[in-house]
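Read the figures in this text as sums done on the coordinates, not as results from a lab. As the structure is a prediction and not an experimental result, all values here were calculated from the model. Virtual Cβ from ideal backbone geometry, glycine too; neighbours counted across all protein chains shown.
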Amino acid sequence: MNSINLNIIGRYVLLSLFVLLIAGCAPETPPDQDIDFHTFANVDEVVVTHMDFDLNVNFDEHVISGRASLHLNNITGAEEIVLDTRDLTIERVTLDDGTEETTFSLGDFVEYLGQPLSISITPATERVNVYYQTAPHAAALQWLEPEQTAGGRHPFLFTQSQAILARTWIPCQDTPGSRITYNARVQVPEGLMAVMSAENQKEKSPDGVYEFRMPQTIPTYLFALSVGDFEFRPLSDRIGVFAEPEIIEDAAWEFADTEDMMGDAEEMYGAYRWGRYDIMVLPPSFPFGGMENARLTFVTPTIIAGDRSLLSLIAHELAHSWAGNLVTMATWNDFWINEGFTSYMTNRIMEAVYGRDYAEMLWHLDYQDLIATIEEMGEDNPDTRLHLDLRGRDPDDGMTSIAYIKGAFFLKMLENNLGRERFDNFLQQYFNTFAFQTMTAEQFLAHFRETIIEAPIREVPAEDIAQVELEEQLKLDKWVYGTGLPDNCPQIQSDEFSRVEEQIEAWITDTAASELDVDNWTTHHWLHFLMNLPDELSYEQMGELDNTFGFTQTENSEILNAWLLHAIEHRYEEAYPALEDFLLSQGRRKFLMPLYSKLAETPEGIEMAQEIYREARPTYHPISYHSIDEVLNWEN
Ligand code: BES
Ligand code: ZN
């Protein structure tokens, strides 16, 4: 071996020692990061690789019933397979071709997790067929009455499987750690249409029978079904939108830029691997903004603002086609592996399509949200870590701005340090290398160190010092395993928002609202304006703003939400009818929770909240009303 090689090895060993030293000073790495504490499934013994469904959707009884056939890979020759269920009635279970019935038992109910379903198999069993039905109150399902839809004539059903609700409508190994393909045959009432997170037909079946095929492997939280009176409109040759006929026109107009987003995302992160990308616009009770169901994103109609101003949500769900759907968090503890990457990519896609100023505003809004979240949670709160410890808790507890925004800023910090080109290449390779696989925080950091921090030293020994510095500079472990926000978090400057702040200042000092310079302000300018108004506002000031800018009348859900929070805070009663109307007409938890919480701060507010809630609760999704029940101490 010549001296150059020795030199390289020597430096490499030195560097590794140094990296270990730094890592040693950082917060401890939790072991066994790939163990999912939110599943009963014995996935280390036997894994489900494919599912076939034959289901019937009964709108009269609010029940889905039928058969789920699970194809097995029995790794250890196990004699039992354990599945996740919650509120399912299991009628019988057969093996293989169905001639042989087998024994099964449901274990004790565990909060959040439901009940383990243990089924006897043999090492030679290839398939188990579970005959089952769902409960009318199944948490993943919302059964809508016709009057809760835009058309008002037909009922509607949709599912929401994330986080661990797939088990309330499908007996399965409900863990993001395993992936499966599926086929389904679904019978719905004649005249209704059905779509799934799979290949979909674009027209109604006359007999109400729909067949689906999902050829790419997905985790169970991406299983989805929607049934109702909707139709399809193409936006490009691989993108389209499903919506009720009454809103399909508006939806198609609003989402027209999706192909542009896709093109830019592919350029940065590699080919879209799922065939089609369609968007399903659900009725307003959908509890989320969006849900990245494979091939078929579900969205709330509250993003149809009429001016394409709330499309970062589409960019977000689209970005999940790489972050989350392709490379998936191994457990809920690494929710940031899905949402942090996605939130970063969202702003990159928005920058590519709408420009730098636009993206800077998004980053700025994100940053304010993050700072407020950390302040509220406390800097030392363990839940301000990216890698969480959700054992024994509802995985929904991890659904905070930490995973989303601290995660996004972590990646932005990496981008700033490595340079955009190098970091984009890294991400594209990351998605390629780990496509259709799972990822933990530990694996990600190891991969990053191997390909970025340590790689150059093997190739260009002279760079080792720089690499040692890089490790020190990035503070990787601090970001992932430490609480609060590391001091190398990127600073955000938005010139557009500086303009907004100047106008707020002017209004507070002496300028009338009608004299403010708000020309060409977009939704995001207005949001920044509303979120940075002074804490104290008189009734007259609220009235002046409202009369000048018409906030109470706005059709934009985000602006209305921000305004209504002020209205409650400052008892601006002129907006109360609009508040009531907003709480009764949509069920997005992101809007409902802050509004009901704000109301709950005063005795009169609580009274008003309860009155509205009594009427609204039956129209909300279980995900939303479970959260609000807690805020209002609601006893049903
Ligand atoms: N995957 C999430 C929704 C989710 C997370 C559902 C965890 C259940 C448990 C989705 O991609 C999402 O993040 N939606 C956001 C929109 C986004 C623009 C931040 C939402 O619905 O608010
Ligand atoms: Zn998301």
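The protection proxy used here, the mean number of other Cβ atoms lying within 10 Å of each residue, ranks peptides 252-258, 166-172, 287-293 as follows, highest first: 166-172, 287-293, 252-258.
Can you tally the net charge around R348? Count Lys and Arg as +1, Asp and Glu as -1, for every other residue whose Cβ sits under 10 Å from the Cβ of R348.
Working: positive: K412, R420; negative: D264, E351, E415, D424.
That works out to -2.
With 0.36 nm allotted per residue and the present C-alpha distance subtracted, the H50-R276 stretch has 79.3 nm of extension available. Put in order of Cβ neighbour count within 10 Å, fewest first, the listed residues I402, I612 become I612, I402. Measuring r between the beta carbons of I371 and R92 and using R0 = 35 Å, the FRET efficiency lands at 0.05. Taking other C-beta atoms within 10 angstrom as a stand-in for reagent exposure, V47, V82, V299 fall in the order V82, V47, V299, fewest first.
For the chain, the equivalent ellipsoid built from the Cα gyration tensor has semi-axes of 38, 37, 23 Å, listed from largest to smallest. Considering only beta bridges that DSSP places wholly inside the chain, some 75 percent are antiparallel.
Using only side-chain charges placed at the Cβ, +1 for Lys and Arg and -1 for Asp and Glu, the dipole size of the chain relative to its Cα centre rounds to 2040 debye. At a Förster distance of 56 Å, what's the computed FRET efficiency of E79 paired with D510, Cβ-Cβ distance as r, to 0.05? Once the sixth-power term is evaluated, E becomes 0.10. Positive end of the dipole of the chain (Cβ unit charges, origin at the Cα centre): among H447, A616, T102, the Cα lying farthest that way belongs to T102. In whole Å, what three semi-axes, largest first, describe the equivalent ellipsoid of the stretch 466-609 built from its Cα gyration tensor (square root of 5 times each eigenvalue)? Those come to 35, 23, 14 Å.
Only one residue of V468, Y112, M377 has its Cα farthest out toward the positive end of the dipole of the chain, where Lys and Arg carry +1 and Asp and Glu -1 on Cβ, and that residue is V468. Centre-to-centre separation between the Cα atoms of the stretch 319-335 and those of the stretch 187-266: 22 Å.
The magnitude of the dipole of the stretch 545-632, with charges of +1 and -1 set on the Cβ of Lys/Arg and Asp/Glu and taken from the Cα centre, is near 360 debye. Using the Cβ-Cβ distance between R213 and Q473 with R0 set to 51 Å, the FRET efficiency from 1/(1 + (r/R0)^6) comes to roughly 0.60.
With neighbour counts taken as other beta-carbon atoms within 10 Å, the residues M413, M280 rank, fewest first, as M413, M280. Mean residue ellipticity at 222 nm, helices only, the chain: -12000 deg cm²/dmol; runs of at least 4 DSSP H residues each add -39,500 (n - 2.57), and the sum is divided by the number of residues.
Considered as an equivalent ellipsoid built on the Cα gyration tensor, the stretch 128-188 has semi-axes of 26, 14, 12 Å, the largest given first. Compared with the alpha-carbon gap, the fully stretched path from W253 to E502 is longer by 86.2 nm at 0.36 nm per residue.
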